[in-house]
Amino acid sequence: MEREGRECGERVAIEEIIRAQLGVGAAERFLPLIMPSVGFAVRTDLPDSGSLIGGVPRTTESFEWPHYHGQPMVLLAQLDCGQAARLLGEDWTLPADGHLLFFHDDEFAAEFSFDLGDDGCRVVHVVAGSGGLRHEGNSPVMPALPLEAFTLPSVPTWADAQADQAVGGDVIALINLAEALSGLLPTPRHRLLGWCDTSGTPQPKGHRPLLQMEAEASTAWGEIVNVSFWIRDEDLRAGNLSNVRRSYEVA
């Protein structure tokens, strides 16, 4: 109850700032654009966290490690579906238990398209109660970094909001709004669902962010500063993970 009250109070404060910055009419068009999301922060003092960057996944004997062009992919993250379901409620349309495993081609060898990202990624669901820790022998293992999860409303960048036909409007007002909201809505280093957090990340057409991850010390990608997994709305609603695409930003 305490958490629900805090979240309700934060939502009221957010709406007040939006109305003050944009005016009532524009605010009512902007408010429906706010999306639910889960933010993640590395917390090495949470060794039992169900969500991790890297590590070795707990899978079944029959689990087939994803490959790209004959090479085993790297496990980038494993997220606790039950945790996501508790935090997002009915907004979480993927499995409510088990884990989502996010794999990608760590060499970034996949052919990249600025319109569609690339196919150098796989997202796999493993059921709760899966067997022992399993790993593809010649695939690099990133050190496990426990993640703290928290609900965090996600608002569009000023560019996304300005491009929306319902909002449009004054670019300066939208930029000022983003600055006014930054104290209440800090951008997490890692986010599940929500809007794209960086203007420099190519956004695959017809897709929305599923998971966005900033580079940590154990996930250094050279000049690449973030990696994101994208999914179509219809696939998200249907729980279809077979068409996920990857995108990334270069410094």
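The values are calculated or read from the model by the stated rules, or taken from the named source; none is laboratory data. As the structure is a prediction and not an experimental result, all values here were calculated from the model. Methodologically, a virtual Cβ is constructed for each residue, glycine included, from the backbone with ideal geometry; neighbour enumeration extends over all protein chains shown.
Does TRP195 satisfy being assigned to a loop (DSSP other than H, G, I, E, B), closer than 25 Å to ILE53 by Cβ and under 14 Å from the mean Cα position of the chain (by Cα)? Lay out the reasoning, then the answer.
Numbers: assigned to a loop (DSSP other than H, G, I, E, B): yes; closer than 25 Å to ILE53 by Cβ: yes; under 14 Å from the mean Cα position of the chain (by Cα): yes.
It is true that TRP195 is assigned to a loop (DSSP other than H, G, I, E, B), closer than 25 Å to ILE53 by Cβ and under 14 Å from the mean Cα position of the chain (by Cα).
Can you report the number of residues in the stretch 215-233 which are more than 17 Å from LEU192 (Cα to Cα) and either of a type in the set (Asp, Glu) or outside the structural domain of ALA110 (by TED's automatic domain parsing) (or both)?
Total satisfying the criteria: 1.
When you look at ASP197, is it of a type in the set (Asp, Glu) and farther than 22 Å from CYS121 by Cα, yes or no?
So ASP197 fails the test.
Of GLY55, GLY50, GLY82, GLY70, which residue is without any contact (Cβ under 8 Å) to a residue 24 or more places away in the chain and of a type in the set (Gly, Ala, Ser)?
Numbers: GLY55 fails: without any contact (Cβ under 8 Å) to a residue 24 or more places away in the chain; GLY50 fails: without any contact (Cβ under 8 Å) to a residue 24 or more places away in the chain; GLY82 fails: without any contact (Cβ under 8 Å) to a residue 24 or more places away in the chain.
Residue meeting the stated conditions: GLY70.
For the stretch 169-192, how many residues meet the condition of being surrounded by fewer than 19 Cβ atoms within 10 Å (Cβ to Cβ) and within 13 Å of the chain's Cα centre (by Cα)?
2
Quick check on the stretch 74-92. Is at least one of its residues in contact with a helix residue (DSSP H, G or I) (Cβ under 6 Å, 6 or more places away or on another chain), more than 26 Å from TRP158 (Cβ to Cβ) and not small (Gly, Ala, Ser)?
Yes, the stretch 74-92 has at least one match.
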